[in-house]
1. Would you tally the residues in the stretch 80-101 being part of a loop (DSSP other than H, G, I, E, B), surrounded by fewer than 21 Cβ atoms within 10 Å (Cβ to Cβ) and at pLDDT 55 or above?
2. Considering each of 170, 165 in turn, give the residue that is touching a helix residue (DSSP H, G or I) at 6+ places or on another chain (Cβ under 8 Å), crowded, with 17+ Cβ neighbours inside 10 Å and not in a helix (DSSP H, G or I).
3. Which residues, counting only those in the stretch 245-278, are buried (at least 21 other Cβ atoms within 10 Å of the Cβ), farther than 19 Å from residue 140 by Cα and under 18 Å from the mean Cα position of the chain (by Cα)?
4. Would you mention how many residues in the stretch 53-79 are at pLDDT 90 or above and within 23 Å of residue 157 (Cβ to Cβ)?
5. Looking at the stretch 197-217, which of its residues are at pLDDT below 95 and buried (at least 18 other Cβ atoms within 10 Å of the Cβ)?
6. Please work out which one of (1) over 24 Å from residue 245 (Cα atoms); (2) touching a strand residue (DSSP E or B) at 6+ places or on another chain (Cβ under 8 Å); (3) buried (at least 17 other Cβ atoms within 10 Å of the Cβ) is the condition residue 145 fails and give its number.
7. Might you check whether a residue that is in contact (Cβ under 8 Å) with a residue 40 or more places away in the chain, assigned to a strand (DSSP E or B) and more than 24 Å from residue 135 (Cβ to Cβ) occurs anywhere in the stretch 253-264?
8. For the stretch 17-52, give me each residue that is more than 24 Å from residue 174 (Cβ to Cβ) and modelled with pLDDT of 55 or more.
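The values are calculated or read from the model by the stated rules, or taken from the named source; none is laboratory data. Quick caveat: nothing in here was measured; it's all calculated off a predicted structure. All Cβ positions, glycine included, derive from the backbone under ideal geometry; neighbour counts span all protein chains shown.
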């Protein structure tokens, strides 16, 4: 169990990380995991036994048109790499966790399709297609192979060196179901390391099945498109942040909201591509 926070602000929480432990209801109890999200604290720092510090960032993907926090866990730097000034509209249409914060090696991942109400192979191939949408834009292979694991779980109390996709229930810190949150991705990175050693170390992804049904949303206004939502979330896994809410950015895959029946996020768009190429030159 994680010890009490060392200090807390409105956006960053510090904690001592001890033995990894699961969060929520384990899948082996026959129920989907319950993943709590604190919308006020999207970045949390974990002190490791060796003295290093890891940062876990919470990327929250909201339903279009609903009330929600405006920060969207957007990331540490705007497009263009300056992180300041007054970027033009196109530069607001991509952002990064932090300049230089990316994967340094190709990473495989586990997909737990339980509770998705979809065929296992459909879930896996859809997630793989989203990963490939980003990989084909850069020479570096960000995502390795995906595999099905019905026992894979999201662990939030410390890094566990597994990249995991699950279908679960997303709640706030008071256990109220978040009906406006489509999905959440957590990225772990070695915050504070010298730039040559900065890198993402792990990601975990949760689709909120308590509030949404996922599948092929082509022609369906009752479904959230698994392909589009997955591609967006995998952008975070690769190191991308959200765009601004400028209307010029609304067709980009990393725009911070989505709607029922929307399928356009299955592919990455011009500013998404500009961003990922800058992150992985």
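1. So the first thing to find is which residues in the stretch 80-101 are part of a loop (DSSP other than H, G, I, E, B), and the list is 80-88, 94, 97-101.
Applying the additional criterion that residues be surrounded by fewer than 21 Cβ atoms within 10 Å (Cβ to Cβ) yields 80-88, 98-100.
Cutting the leftovers down to at pLDDT 55 or above gives us 98-100.
Selection size over the stretch 80-101: 3.
2. Being touching a helix residue (DSSP H, G or I) at 6+ places or on another chain (Cβ under 8 Å), crowded, with 17+ Cβ neighbours inside 10 Å and not in a helix (DSSP H, G or I) holds for just one of 170, 165, which is 165.
3. Residues satisfying the conditions are 252, 253, 254, 255, 256, 258, 265, 266.
4. So the answer is 9.
5. 198, the sole residue that qualifies.
6. (3)
7. The answer is yes, given that some residue of the stretch 253-264 is in contact (Cβ under 8 Å) with a residue 40 or more places away in the chain, assigned to a strand (DSSP E or B) and more than 24 Å from residue 135 (Cβ to Cβ).
8. Listed by number, the residues that qualify are 30, 47, 48, 49, 50, 51, 52.
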